[in-house]
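The values are calculated or read from the model by the stated rules, or taken from the named source; none is laboratory data. Note that the structure is a prediction, hence the values are computed from the model and not measured. So basically every Cβ, Gly included, is an ideal-geometry build from the backbone, and we count neighbours across all protein chains shown.
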């Protein structure tokens, strides 16, 4: 989106055009800081049941508040349409259904090919903790990777460069996890980075990718009790599902997200969403000379 100087309200002590020029680094640094703080708080309180639930939901709400305020400050937008309240409920519900269905299908297929070792009962309190932790992760990661990196790169360079950049960076950050592998990071980039970017491209709303991200992670940790993206110490779920077999089938120590089945399962909605975005005329053509 290109703003003309005359369309921007005055901002005391700073030219609005100059402020808008630096919107990307302002939003990027701000949301990275928010995500780091939220991650540290959730890591410290990740196994405390109701406390973790409250802290997780609070850091998710804090992320939404900070993104809205930073966007209004740096971009001089009176409204933040990608977080429109009218889109919140339908976007979250559809996204949650898609994310939960995709992960459940992944686990069922892994089981059909002999990847389940054994299943035992888990912890309801661990499930509650997972709701908070995964809500915080989904909200703050989507605000950063789709709300800042994808959205602004798409405006400047087009949809495909934005999709590639946001997916690669999203996958790359998972190399910091305890049991990270290069294949696991690549899998995350392909299955989640592309699908979540496609969800934003199709709707121009962050609520759908937030819902997908949240439900996928919640079912992975809070329901099935499997490892999430190679992270150690993830909250216990309603079930404890132990997987065994080739890493290509089960994902190995990284968790089911590094399985080939997860990559293929997520490819279907990703392609569907991109085709839908194309039909709606929402894919921004490649721009050789990026501008803000």
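Can you confirm whether the range 216-225 contains a residue that is within 17 Å of residue 168 (Cα to Cα) and at pLDDT 95 or above?
First, pick out the residues of the range 216-225 that are within 17 Å of residue 168 (Cα to Cα): none.
Checked against the condition, which is being within 17 Å of residue 168 (Cα to Cα) and at pLDDT 95 or above, the range 216-225 yields no hits at all.
With the checklist (1) at pLDDT below 95; (2) buried (at least 17 other Cβ atoms within 10 Å of the Cβ) in hand, flag the one item residue 21 doesn't pass.
(2)
Every residue in the range 72-94 that is more than 20 Å from residue 212 (Cα to Cα) and either in contact with a helix residue (DSSP H, G or I) (Cβ under 8 Å, 6 or more places away or on another chain) or in a helix (DSSP H, G or I) (or both), please. Spell out how you get there, then give the answer.
The first filter runs over the range 72-94 and keeps only residues more than 20 Å from residue 212 (Cα to Cα), leaving 72-80.
Of everything in the range 72-94, those that are more than 20 Å from residue 212 (Cα to Cα) and either in contact with a helix residue (DSSP H, G or I) (Cβ under 8 Å, 6 or more places away or on another chain) or in a helix (DSSP H, G or I) (or both) turn out to be 72, 73, 74, 75, 76, 77, 78, 80.
For the range 246-255, state whether one or more residues are surrounded by fewer than 21 Cβ atoms within 10 Å (Cβ to Cβ), touching a strand residue (DSSP E or B) at 6+ places or on another chain (Cβ under 6 Å), in contact (Cβ under 8 Å) with a residue 60 or more places away in the chain and more than 28 Å from residue 45 (Cβ to Cβ).
Checked against the condition, which is being surrounded by fewer than 21 Cβ atoms within 10 Å (Cβ to Cβ), touching a strand residue (DSSP E or B) at 6+ places or on another chain (Cβ under 6 Å), in contact (Cβ under 8 Å) with a residue 60 or more places away in the chain and more than 28 Å from residue 45 (Cβ to Cβ), the range 246-255 yields no hits at all.
Within the range 187-204, is there a residue that is modelled with pLDDT of 95 or more, surrounded by fewer than 22 Cβ atoms within 10 Å (Cβ to Cβ), more than 12 Å from the chain's Cα centre (by Cα) and not in a helix (DSSP H, G or I)?
Yes - at least one qualifying residue is present in the range 187-204.
Is it true that some residue in the range 93-115 is farther than 30 Å from residue 244 by Cα and in contact (Cβ under 8 Å) with a residue 12 or more places away in the chain? If you could, list the steps in order and put the result at the bottom.
Step one: list which residues in the range 93-115 are farther than 30 Å from residue 244 by Cα, which gives 93-94.
If we keep only those that are in contact (Cβ under 8 Å) with a residue 12 or more places away in the chain as well, we get 93-94.
Checked against the condition, which is being farther than 30 Å from residue 244 by Cα and in contact (Cβ under 8 Å) with a residue 12 or more places away in the chain, the range 93-115 yields at least one hit.
If residue 69 meets every condition in (1) in a helix (DSSP H, G or I); (2) touching a helix residue (DSSP H, G or I) at 6+ places or on another chain (Cβ under 8 Å) apart from one, which number is that one?
Residue 69 satisfies all of (1) in a helix (DSSP H, G or I); (2) touching a helix residue (DSSP H, G or I) at 6+ places or on another chain (Cβ under 8 Å) except (2).
Is it the case, given these coordinates, that residue 109 is modelled with pLDDT of 95 or more and surrounded by 16 or more Cβ atoms within 10 Å (Cβ to Cβ)? Talk me through it step by step, then tell me what you get.
Details: modelled with pLDDT of 95 or more: yes; surrounded by 16 or more Cβ atoms within 10 Å (Cβ to Cβ): yes.
Considered against the rule, which asks whether it is modelled with pLDDT of 95 or more and surrounded by 16 or more Cβ atoms within 10 Å (Cβ to Cβ), residue 109 comes out as yes.
If you go through the range 57-64 one residue at a time, do you hit one that is over 26 Å from residue 152 (Cβ atoms) and surrounded by 14 or more Cβ atoms within 10 Å (Cβ to Cβ)? Give the derivation first.
Pass one, the range 57-64, residues over 26 Å from residue 152 (Cβ atoms): 57-58.
When the remaining residues are screened for being surrounded by 14 or more Cβ atoms within 10 Å (Cβ to Cβ), the result is 57-58.
Yes, the conditions are met somewhere in the range 57-64.
State whether one or more residues within the range 129-142 are touching a strand residue (DSSP E or B) at 6+ places or on another chain (Cβ under 7 Å), modelled with pLDDT of 95 or more, buried (at least 17 other Cβ atoms within 10 Å of the Cβ) and assigned to a helix (DSSP H, G or I).
Pass one, the range 129-142, residues touching a strand residue (DSSP E or B) at 6+ places or on another chain (Cβ under 7 Å): none.
Among the residues of the range 129-142, not one is touching a strand residue (DSSP E or B) at 6+ places or on another chain (Cβ under 7 Å), modelled with pLDDT of 95 or more, buried (at least 17 other Cβ atoms within 10 Å of the Cβ) and assigned to a helix (DSSP H, G or I), which makes the answer no.
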